[in-house]
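Encoded as structure tokens, here's the structure I'll be asking about.
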Amino acid sequence: MIWSLRRRLIASLAPVGILLAALGAVGLAVLWHTGGRIDAIIKENYVSVRAMDEMNERLERIDSSFQFALSGREGDAKAQFAANWVGFESQFHIEEENITIFPAEQELVEGLRSLKTDYRARGERFYARPSGSPDRRTDYFGKPGLLSQFSEIKTVIAEILRINQENMFQARDEAKATARIALIGLGAALALIGGLLFGVTWYLLHTIPGPIRLMTEAAQEIGGGHLDREVPVVTHDELGRLAQAFNAMTRQLRVYRQTDLSRLLRAQQTAQATIDSFPDPILVVDIDGHVELANPAARSLLGVGSSATWIPPEPLRQPVHEALTLQRPRLAEGFDQAITFQTGGEDRSYLPQIRPIRDANGDTTGAAVVLNDITRFRLLDQFKSDLVATVSHELKTPLTSVRLAVHVLLEESIGPLTAKQTEMLLDARENSERLLRLIDHLLALARLERSSSATKFVTIDPMSILERVATEAQGRAEDKHVEMIVEKGEPLPPVSGDPERLALAVANLVENAVTYTPTGGKVTLSALAADGRVVFAVADTGPGIPAEHLPHVFERFFRVPGQSAEGGTGLGLSIVKEIVDAHHGEVSCESTPGHGSVFRIALPAGV
Ligand code: ADP
């Protein structure tokens, strides 16, 4: 039969409880009974003992009354005789009612009754005789006389006293014996209960904590990830059922883990296959910089293996660190931000895209690094720049001779020109000038693009740039009757840059200002230091630029419709932007149509 834990506990503890209750009850009963009995015996015998004492006393006095009478004290003697008989009789009555020892006490009392009746009758006869009568002496001393009867009664009283006292001692001894037996019995019962309790405790300690301990150990191991751990089913009670349920739970957990694992594996394989299919190097690192995912392109380019700590190459180190620690992405856009790696004996260019990866709480868990391979575009761009440079260069030589020819013809040193011829030649000169400016701009752009990464930075005094540009443009301004001012302010901190290119940028702004400012207007060149930057400003009093066109003026080939100068190319401001970007600066334009424009170039101050 399978016993439940509850039943086992009850079955183990109930006998102990019952035994304890029974023992308590027996002990109480023994105490109650013994106490009651002793009490009764002592009380009963004590009454007899007292009655005997009193009777003895009275008997002595009765006896002494006879002696008084014989010695002539008749009055006192008679009174004493009568009075003491009253006391004696009443005590005898008490004893008669309190016979407890059968048959001995009863027989003695019976004997005492006939003795005292006889003794009293003889006494009364004694006193009935005249005082001083010699018969009285015979009554008292004769055989049997009052004296001998007196001693006989005393003997009986003493005997009754003795057996009562004996009875009391016997009761005491009995009580002692009962107490001893009860003590032994209680001790034995207590020892039995103690033994039983020890046995029950031993049994419970060996059957209950064992399985619980096993289950606790198993739960701890399962908590540590060992899902294959099973709890042995030792008993078939509640603990056994708990162990079975526990094992069923771990089995289910194993199934779940298996499912989750295969799902995870599938997801990981899909992710891996996806990034493997990209030709661009893709890499995912965890927060500690360990590579979690890398496609073959990344592995061969960066030489990384999965789960290895990856030390990024120099240009990526800072951006990856910032993505992991500051959650700051780095998304390179222009060719100037491209990084170059040597693979298979050739240089390849990549635009790094580094993004932090965040979990649902917004905490960084890693970073994704994608290197967009732009080698082909870069070569195409190079090809385009080379083509533009070559074509421009090739066009410039014949154009120079055309311009020269037009100049010579217009000077009329070869021969006079008709008005129509002069008009046509002036038109040709203007167009050739425009063509030259376009070619110059194209050459400048091609040169900038080709050598943007090779810019040599030196320390430059900002005012020297302004003065140089102003000097160069002075002639054109005077021709057009435009006033040109260079404002001198506070001493300025130096800037770092390429003096030729910065001069070209400022010169383009000044050239535009002079071009678009009508005769009588003013062009002001200035520079000031603010917020750690040096700001060059070229202000004019020209027509200004409508607000809707302002965002586009720095785009290539953009010209404000309806107001651009005849000889413009739409490339001047884009060259400015290109140069300023390469100097990590900012170019901006502020304009009020009808009142003029201010173009600003802000460069970081210091070397
Ligand atoms: P462009 O060779 O046509 O001057 P830019 O790139 O230098 O080309 O300038 C783009 C356009 O911006 C110009 O066509 C002109 O309409 C406008 N612009 C440039 N500078 C000024 C200026 N100082 N005042 C008014 N408009 C200007």
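Order of 181-192, 74-85, 408-419, 48-59 by packing, highest average Cβ count within 10 Å first?
Peptide ranking by packing, descending: 48-59, 74-85, 181-192, 408-419.
Add +1 for every Lys or Arg and -1 for every Asp or Glu among the other residues with Cβ under 15 Å from the Cβ of Thr422, and state the total.
Taking every other residue near Thr422 into account, the sum is -3.
Right, here's the next one. Positive end of the charge dipole of the chain (Lys, Arg +1 and Asp, Glu -1 on Cβ, about the Cα centre): tell me which of Ile10, Phe126, Ile99 has its Cα farthest that way.
So the residue we want is Phe126.
Near Lys480, which lysines are there with a Cα under 22 Å away, not counting those fewer than 8 places off in the same chain?
Lys522
Let me ask you something else. Taking the dipole about the Cα centre of the chain, with the C-beta of Lys and Arg at +1 and of Asp and Glu at -1, give me whichever of Thr250, Ile465, Asn431 is farthest to the positive side.
About the Cα centre, the residue reaching furthest to the positive side is Thr250.
Which parts of segment 188-204 would a label at Ile18 reach, counting a residue when its backbone N lies under 14 Å from a point 7 Å out along Cα-to-Cβ?
No residue passes the distance filter.
Dimensions of the chain along principal axes (Cα, Å, largest first)?
So the extents along the principal axes, rounded to whole Å, are 225, 62, 39.
Using the Cα centre as the reference, give the magnitude of the dipole from point charges on the C-beta atoms of segment 364-438 (Lys, Arg: +1; Asp, Glu: -1; all else neutral), rounded to the nearest 20 debye.
220
Further question: With a ≥ b ≥ c the root eigenvalues of the C-alpha gyration tensor of segment 370-513, is it rounded (a/c under 1.5), prolate (a/b larger than b/c) or oblate?
Here segment 370-513 falls in the oblate category.
Using the Cα centre as the reference, give the magnitude of the dipole from point charges on the C-beta atoms of segment 195-345 (Lys, Arg: +1; Asp, Glu: -1; all else neutral), rounded to the nearest 20 debye.
The dipole magnitude comes to about 400 debye.
In degrees from 0 to 90, rounded to the nearest 10, what is the angle of the helix 375-411 Cα long axis to the longest principal axis of the chain?
Tilt of helix 375-411: around 30 degrees.
Also, I was wondering about something else. Find the relative contact order for the chain and round it to a whole percent, using C-alpha pairs within less than 8 Å whose residues are 6+ positions apart.
It comes to 7 percent, rounded to a whole number.
Follow-up. At 0.36 nm per residue, minus the direct Cα-Cα distance, what do His206 and Phe335 gain on full extension? Give it in nm, one decimal, please.
Length gained, His206 through Phe335: 38.5 nm.
Pop out the carbon and sulfur fraction of the accessible area of segment 142-227 as a percent, whole number, probe 1.4 Å.
Taking all protein chains in place, segment 142-227 shows 69 percent carbon and sulfur surface.
Round to the nearest 10 and give me the degree value, 0 to 90, for the angle of helix 209-223's Cα axis relative to the longest principal axis of the chain.
10
Still on this model: Rounded to a whole number, what % of the accessible area of segment 5-82 do carbon and sulfur atoms account for, probe 1.4 Å?
64
Within 10 Å of each candidate Cβ there may be at most 14 other Cβ atoms; applying that plus a DSSP loop requirement, which GluC sites (Glu not before Pro) in segment 222-306 survive?
Glu230
With point charges of +1 on the Cβ of Lys and Arg and -1 on the Cβ of Asp and Glu, referenced to the Cα centre of the chain, which listed residue (Ala405, Ala539, Ala219) lies farthest in the positive direction of the dipole?
My answer, from the dipole projection, is Ala219.
Using only DSSP helix segments of four residues or longer, with each worth -39500 (n - 2.57), what per-residue ellipticity at 222 nm results for the chain after dividing by its residue count and rounding to 500?
-22000 deg cm²/dmol
In addition: Subtract the Cα-Cα distance of Arg254 and Glu57 from 0.36 nm times their separation in residues, and report this length gain in nm to one decimal.
My answer for the length gained is 60.3 nm.
Can you give me the C-alpha center-to-center distance between segment 167-186 and segment 265-317, rounded to a whole angstrom?
99
While we're on this one: What FRET efficiency would be calculated for the residue pair Glu490, Lys396, taking the C-beta separation as r and a Förster radius of 45 Å, to the nearest 0.05?
Taking R0 as 45 Å, the efficiency between Glu490 and Lys396 is 0.60.
Sketch the reach of a paramagnetic label on Arg263 as a point 7 Å from Cα along Cα-to-Cβ, and name the residues of segment 327-367 whose backbone nitrogen lies under 14 Å away.
none
Where the only charges are on Cβ atoms (+1 Lys, Arg; -1 Asp, Glu), what is the dipole of the chain about its Cα centre, to the nearest 20 debye?
Here the chain has a charge dipole of around 2420 debye.
What spacing in nm lies between the two simple spin-label points modelled at Ala121 and Asp440, each 7 Å away from Cα in the Cβ direction?
Result for the modelled spin labels: 18.7 nm.
While we're looking at this one, here's another question. Starting from the 7 Å offset along Cα-to-Cβ, what nm value, one decimal, do you get for the label separation of Val234 and Gln474?
So the two model labels end up 10.8 nm from each other.
Same structure, new question: Given axes a ≥ b ≥ c from the Cα gyration tensor, I'd like to know whether segment 362-454 is rounded (a/c under 1.5), prolate (a/b larger than b/c) or oblate.
prolate
Continuing with the same structure: Specify the inter-centroid distance of segment 66-89 and segment 570-607, based on alpha-carbon positions, in whole Å.
162
If you filter segment 373-457 for trypsin sites (Lys or Arg not before Pro), then keep DSSP loop positions with at most 16 other Cβ within 10 Å, what is left?
Answer in residue order: Lys456.
Give me the accessible area per residue for the chain, probe 1.4 Å, as a whole number in Å².
Computed with neighbouring chains in place, this is 57 Å² per residue.
Can I ask one more? Determine, from the Cβ-Cβ distance of His321 and Asp427 and an R0 of 60 Å, the FRET efficiency 1/(1 + (r/R0)^6), rounded to the nearest 0.05.
Plugging the Cβ-Cβ distance into 1/(1 + (r/R0)^6) gives 0.45.
Between Ala273 and His552, what FRET efficiency follows from the Cβ-Cβ distance if R0 is 51 Å, with the result rounded to 0.05?
After rounding, the FRET efficiency stands at 0.70.
State the percentage of accessible surface on segment 426-538 attributable to carbon and sulfur atoms; use a 1.4 Å probe and exclude ligands, DNA and RNA.
The nonpolar share, carbon plus sulfur, comes to 52 percent.
The values are calculated or read from the model by the stated rules, or taken from the named source; none is laboratory data. As the structure is a computational prediction, the values presented were derived from the model and not from experiment. Ideal geometry is used to build each Cβ from the backbone, glycine not excepted, and the neighbour counts take in all protein chains shown. Each accessible area value is taken on the protein alone, full model and side chains, heavy atoms only, with ligands, DNA and RNA left out. Shrake-Rupley method; radii C 1.70, N 1.55, O 1.52, S 1.80 Å.
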